[in-house]
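Beneath this line is the structure, given in structure tokens, with notes to follow.
The values are calculated or read from the model by the stated rules, or taken from the named source; none is laboratory data. In this text the structure is predicted, and so the values were computed from the model without any measurement. Positions of Cβ are backbone-derived with ideal geometry, glycine not excepted, and every protein chain shown enters the neighbour counts.
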Amino acid sequence: MPVKLNDNYDLSRHVIILTGATDGIGKDMARILAGFNPKRLILPARNKEKGNNLLEYIKSSNGHANNVEIWEMDLADLQSVKNFANKFINEVGELHILINNAGIMINNQVIKTKDNLEIQFQVNHLSQLLLTLLLLDTMKKSVSAEVPGKIAFTSSAAERRGIIDFDNLNLEKGAYFGPLQAYSNTKLMNVIVAKELSRKVQNENITTYSIHPGVIQTNIGHMNSSISNFFLTLYVKMFEITSEQGAVNVLYPVLSSENKETGEYYSEGIKQKPNKVVNDQEITKKLWDVSEQMLKDHGMI
């Protein structure tokens, strides 16, 4: 049975950031969250036109857009992430829910960002870690036992195929071991970061989650192999759910009062066991430390 959200969530005391809201399940998540009357719902967008379209979509869908704001941020640019965080800290100064939902999929090619990082590694992992790190103190000061903090990462069932190779974290050697491996690696990194973060924020009234929303046909993918594209499309058609249900599957663990365990992995709203690597504390700590060092090397933290 698909999970369902209650109609009576009250987010009037919650300031929320949701990334990746201009497309796919993020668009539905934004609409749903706006309907629960958040104190402020900040939606970072790389493309201003898409951001404005999102705002109009929310207004036309449920009319709850008074507390919704579109802010500029590009996860493929570390400085843009830092600028967003600084502006948020200065102008808002409180945060209760952070949903790192944005993601990108590249097939069989290496695309570098202006930071000279492979784009999936940066957008799906490193920039989301940066955003989380920069806003963590603000969340710690904002939350309480009454209004706890939530940090979620939209992962994927592809995390089960993920590999953590510390000699090729930034995928300099390309997406080896077949199509979509690089994407799978970054989705595993999401699960690991949520797990390691849960250890770092224990006793802080903050719960962390990593979540597979289900198989959904969205424009996350940037494919350049017609054969791989064909098989991926076939797989999606066999198992796909609606974008709205995918959005509900991500929001359900975060909003439900039942899910109080931290650092857990959820698949379509239900707690599951992830890739066994996630339970290797040596690997999870090393991934965190190496990633943090990369951000320091780039002058971001």
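Select from the stretch 137-175 the residues that are under 24 Å from Asn203 (Cα atoms), in a helix (DSSP H, G or I) and without any contact (Cβ under 8 Å) to a residue 60 or more places away in the chain and list them in ascending order.
Asp137, Thr138, Lys141
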- request: Could you please tell me which pairs satisfy a Cβ distance under 6 Å, a separation of 6+ or placement on different chains, a first residue in the stretch 98-120 that is within 16 Å of Ala182 (Cα to Cα), and a second residue that is assigned to a strand (DSSP E or B)?
  value: Met105/Gly221; Ile106/His222; Val110/Glu118; Gln120/Ile106
field: Test: residue in the stretch 156-174 that is more than 15 Å from Ser267 (Cα to Cα), in contact with a strand residue (DSSP E or B) (Cβ under 8 Å, 6 or more places away or on another chain), at pLDDT below 95 and polar (S, T, N, Q)
entry: yes
task: Within the stretch 254-301, count every residue that is part of a loop (DSSP other than H, G, I, E, B), within 15 Å of Lys195 (Cβ to Cβ) and not polar (S, T, N, Q).
output: 5
query: So which of Gly51, Gly103 is farther than 29 Å from Ser144 by Cα, of a type in the set (Gly, Ala, Ser) and part of a helix (DSSP H, G or I)?
result: Gly51
query: Just one of Ile25, Ile104 is more than 27 Å from His298 (Cα to Cα) and aliphatic (A, V, I, L, M); which is it?
result: Ile25
- line: Taking the stretch 157-174 and keeping residues among the small types (Gly, Ala, Ser) and at positive phi leaves Gly174
- line: Checked the stretch 1-38 for anything charged (D, E, K, R) and either farther than 29 Å from Ile104 by Cα or part of a strand (DSSP E or B) (or both); matches are Asp7, Asp10, Arg13
